1. For the range 67-87, name all the residues that are in a loop (DSSP other than H, G, I, E, B) and either at pLDDT below 80 or basic (Lys, Arg) (or both).
2. Give the residues of the range 14-67 that are free of Cβ contacts under 8 Å to residues at least 24 places away in the same chain and polar (S, T, N, Q), sorted by residue number.
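The values are calculated or read from the model by the stated rules, or taken from the named source; none is laboratory data. Model, not experiment: these values are computed from the prediction. A quick note on method: Cβ atoms are made from the backbone with ideal geometry, for glycine too, and the neighbour counts reach across all protein chains shown.
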Amino acid sequence: MIMTAHKAITHRGIEIVLPEVPGAPVTWTHDESNTHGFARKVEHAICQISHFLGPDPECRVCLGTGADDYTALVYVPCRVCYPEARE
């Protein structure tokens, strides 16, 4: 039996841990605030982390505002800070 090492996935400084058992949930932990989450897929974990942390202050698209176009009259979520907002 060959054991494969999982490459660590990091999103905005938070490590997403892939399960070794097929079908087990993906987990993530934020050590500074002692917060954690479970998700079925890595994409769902990334969405949870984005909602938890809010807009990225170093984002080059929204400049930390969380809006894709902060001069518009409607709020359009930033596609980089909130990847689930992509259409």
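1. Of the residues in the range 67-87, the ones in a loop (DSSP other than H, G, I, E, B) are 68-76, 78-82, 86-87.
Answer for the range 67-87, where residues must be in a loop (DSSP other than H, G, I, E, B) and either at pLDDT below 80 or basic (Lys, Arg) (or both): Asp68, Asp69, Tyr70, Thr71, Ala72, Leu73, Val74, Tyr75, Val76, Arg79, Arg86, Glu87.
2. Thr27, Thr29, Ser33, Asn34, Thr35, Gln48, Thr65
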